[in-house]
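Reviewing the structure listed below.
The values are calculated or read from the model by the stated rules, or taken from the named source; none is laboratory data. None of these values were measured; they are calculated from a predicted model. Neighbour counts are summed over all protein chains in view; Cβ atoms, including those assigned to glycine, are modelled from backbone coordinates with ideal geometry.
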Amino acid sequence: MQSRSWVHGMERLFLSALGPSDDTPVFSLQNIGLFVVIFVSYYISGKFGQRFSPPNPAPTAFWPPTGIAYAALFLKGRRALPAIFAGAFFMDLFNLSMAPYALGTALGCTLEAIIAVALVIRLANGINAFFTPRDVLRYVVLAGIIPTAFGATWGVSLMCLHGEVQWANFWNSWTIWWVGDLLAAIILAPFLILLLGHRHNALSWSEMVEATALLLGLTAVCILNFGPPLVSWIPKVFLSIPFLTWAAVRFCPLEVSGACLVMSGFTLWGSLQGYGPFATARTEPLMLVGNVCVYSVMTMFVAAALFKQRREIEKLYALKFGMRNTVRDNDESTGVSDSIEAVEKLDGGPSQPPEGP
């Protein structure tokens with residue numbers, strides 16, 4: 001009885017963290033369309049992720065469906081669960097796996113996404129986890145490290161039981177599986193959540209020109225760093241740091257996550273093709289994931305800190321100008337004219353609030 005009540009308690013905890021149930025009929029056109037979109041996205045991204053797998057049956061070094069599942073569950077809640085489960089099930093079933101094994105893998109992938117989203121919603125501010133430094137670090141731990149370790153343990157254990165991987169190679173396969181899920185959770189999921197889960201102000205022409213220059217420059221240095229060797233004297237790895245810093249200082253978390261995604265994509269592509277400083281990433285991915293995750297997490301951390309600072313400055317200016325308008329109205333009604341001058345001398349700041357990206 002105690003074990004059964006514990007299970008029910010955990011079920012209530014995770015389902016409550018995913019938000020209230022929806023009154024929309026299960027087979028409504030809205031839910032059917034949502035199912036199709038998530039299922040197709042999961043399946044296609046899984047086929048793409050299989051290109052990063054070693055020749056022998058083994059986990060893949062990058063598994064985009066994890067990012068798709070995280071984003072879908074963050075944005076659509078429990079309505080996304082059937083599509084995630086079905087996508088994972090048919091992904092394995094069509095790879096000539098037995099139905100029981102495919103069911104077990106689908107259950108593990110779904111539980112991994114549920115754990116990640118429930119923890120982030122409870123402890124890291126949900127889809128707003130990328131706007132403060134504290135929440136960024138919490139997201140990395142709660143969504144990037146803990147659930148993916150669970151998913152890797154579950155998945156590789158099933159592969160060993162199914163005979164696809166020898167138990168002697170458990171930890172090597174576990175590392176590759178964990179790296180694949182971790183990269184998707186830290187690199188792909190934040191971009192999708194920020195892109196689809198928030199409203200965004202249109203960039204001005206000058207900002208569009210700057211963003212284009214940033215993208216072209218980052219692409220060029222990534223090709224030099226992680227593509228075929230064109231010149232030998234260029235220092236590897238570190239050329240992308242100025243461009244990531246540029247993105248963090250000048251743009252918002254969405255653009256920053258996009259820059260990190262571009263850098264990570266080129267890093268993965270070059271490394272798995274045998275180019276660059278991480279050419280052994282297919283079989284020894286820890287150096288690759290260390291580089292990508294450290295660069296991306298620190299860039300998002302700095303971007304969140306600067307974003308929070310800009311918002312606090314905007315609130316202070318809004319407070320100041322609100323006080324000035326209130327004092328002006330009082331001066332006009334009372335005939336006193338020197339109160340507004342006292343407000344203007346509070347900080348000696350400009351007469352208009354600052355503009356920022």
task: Those residues that are closer than 17 Å to Leu73 by Cβ and either of a type in the set (A, V, I, L, M) or in a helix (DSSP H, G or I) (or both), I need them from the stretch 126-137; list them, please.
output: Gly126, Ile127, Asn128, Ala129
query: If you scan the stretch 99-157, which residues turn out to be surrounded by fewer than 22 Cβ atoms within 10 Å (Cβ to Cβ) and among the acidic types (Asp, Glu)?
result: Asp135
query: Just checking, which of Glu164, Glu112 is of a type in the set (Asp, Glu), assigned by TED's automatic domain parsing to the domain that holds Ile38 and in contact with a Gly (Cβ under 6 Å, 6 or more places away or on another chain)?
result: Glu112
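Quick grid of which residues meet (1) under 23 Å from Leu196 (Cβ atoms); (2) at pLDDT 65 or above; (3) in the same structural domain as Arg134 (by TED's automatic domain parsing):
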site	(1), (2), (3)
Phe243	no, yes, no
Leu254	yes, yes, no
Tyr275	no, yes, no
Ala281	no, no, no
Met287	no, yes, no
Met300	yes, yes, no
Val327	no, no, no
Gly356	no, no, no
- request: Would you mind telling me which numbered condition in (1) within 17 Å of the chain's Cα centre (by Cα); (2) buried (at least 17 other Cβ atoms within 10 Å of the Cβ) Leu224 fails?
  value: (1)
message: Condition first: surrounded by 14 or more Cβ atoms within 10 Å (Cβ to Cβ) and touching a helix residue (DSSP H, G or I) at 6+ places or on another chain (Cβ under 7 Å). Now tell me which residues in the stretch 198-209 satisfy that.
response: Leu203
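Being of a type in the set (Phe, Trp, Tyr) and either assigned by TED's automatic domain parsing to the domain that holds Val256 or more than 30 Å from Leu254 (Cα to Cα) (or both) is the filter here, so list the residues in the stretch 125-161 that pass it.
Narrowing the stretch 125-161 to residues of a type in the set (Phe, Trp, Tyr): 130-131, 139, 150, 154.
The one that is of a type in the set (Phe, Trp, Tyr) and either assigned by TED's automatic domain parsing to the domain that holds Val256 or more than 30 Å from Leu254 (Cα to Cα) (or both): Trp154.
If you scan the stretch 117-174, which residues turn out to be among the charged types (D, E, K, R) and under 24 Å from Ala99 (Cα atoms)? Full working, then the answer.
Initial filter on the stretch 117-174 (among the charged types (D, E, K, R)): 122, 134-135, 138, 164.
Scanning the stretch 117-174 gives a single hit, Glu164.
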statement: Within the stretch 179-197, of all residues that are surrounded by 19 or more Cβ atoms within 10 Å (Cβ to Cβ) and out of contact with any Gly (no Cβ under 8 Å at 6 or more places or on another chain), the one nearest to Pro64 (Cα to Cα) is Leu183
